[in-house]
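Take a look at the structure set out below.
The values are calculated or read from the model by the stated rules, or taken from the named source; none is laboratory data. Quantities reported herein were computed from a predicted structural model and do not represent experimental measurements. Cβ sites come from the backbone with ideal geometry, for glycine too, and all protein chains shown count toward neighbours. Please note that ligands, DNA and RNA were not included when accessible areas were found on the heavy atoms of the full protein model with its side chains. Shrake-Rupley method; radii C 1.70, N 1.55, O 1.52, S 1.80 Å.
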Amino acid sequence: VPQLPFTAMQQARNRLLQTLGVEVRGTTEVIRGGTRDSSYTVMTQGITQETTGWITRDTVLAWRPAADGRTYSMRYQGCARTSVGKRDPSFFAEVTLDKEPAAYVDNGPGRRDSIVVFVKVSQPAYITVFFRTADTLTVLYPSTAVGAPERMHLGTSGELRLPPGGNRFRTVLTGGNQKTSDWIVVVATRQDVPLSVGQDPADALSLRQMTWKEYLQWLNRIPLEDRFVVEK
């Protein structure tokens, strides 16, 4: 029974967020392979969506018994956003990983796979790279922890390799999980846009983290024609 009011309030929040609008993005990956006698093509399509607003505070004003249950009166406060500009089709980034398909294994300490990200751009750009799991994003680049505290201005003839030589990103399964589906998120921007989070942790080997809300606040300050996002 205590779960019912919580579920009802969450449904009300979701309906409110839907009225603010939803932004949907689609991705398509094509994998080709085969032998001398046969070949195959695998196409994978993914769809992600995000609301164009978020709730910063909610308050239960009152509740009253009703014939078939209880009625709650809620007050929500929050923010909504609108996208600025138009997408520039000539500005984009190409992201590849060192394994295809991207299946990495955690066989315990000393036997964990490492992940390497490669980025190329169609026009000179600054790159930011995140590791996303659930609603938390870890800043992989730029980061003091990987020996790259500042963004490099990547030209059209160059390629960003992350992590730089001498560093490793290792896979780790936590909480007794046998498998997880996580994301590498790469954002290319025409300008060097500082992240709207605090300084690097005191521990030089630690990586900064952002919430999904903080990430959207940073991303949506950048006009559409000046950014391109890839999720792998």
Worksheet item: Hey, rough spin-label estimate for residue 205 and residue 226, points 7 angstrom out along Cα→Cβ, what's it come to in nanometres?
Response: 3.8 nm
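Accessible area per residue for segment 45-185 in Å², computed with a 1.4 Å probe and the full protein assembly in place, what is it? Walk me through the numbers on the way to the answer.
Working: 8650 Å² over 141 residues.
Averaged over the residues of segment 45-185, the accessible area is 61 Å².
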Discussion item. Which residues among segment 145-165 fall inside the zone where the amide N is under 20 Å from a point 7 Å beyond the Cα of residue 113, along Cα→Cβ?
Written reply: 161-164
Item to complete: Report the full-extension gain for the segment residue 88 to residue 191: residue separation times 0.36 nm, less the Cα-Cα distance, to one decimal in nm.
Response: 35.6 nm
Worksheet item: Which one of 107, 220, 167 has the biggest mean-square fluctuation once the chain is modelled by GNM with Cα springs under 10 Å?
Response: 107
Discussion item. What is the percent carbon and sulfur in the accessible area of the chain, measuring with a 1.4 Å probe over the protein chains and ignoring ligands?
Written reply: 51 percent
Response to the item:
In degrees rounded to 10, the 0-90 angle between helix 3-20 Cα long axis and the longest Cα principal axis of the chain is 70 degrees
Worksheet entry | FRET E, pair residue 31, residue 62, Förster distance 35 Å, beta-carbon r, rounded to 0.05 | 0.05
Practice prompt. Report, ordered by chain and residue number, the lysines lying within cross-link reach of residue 179, taken as a straight Cα distance under 24 Å and ignoring same-chain residues fewer than 8 apart.
Written response: 99, 232
Worksheet entry | the chain: mean projected area of Cα convex hull, nm² | 18.6 nm²
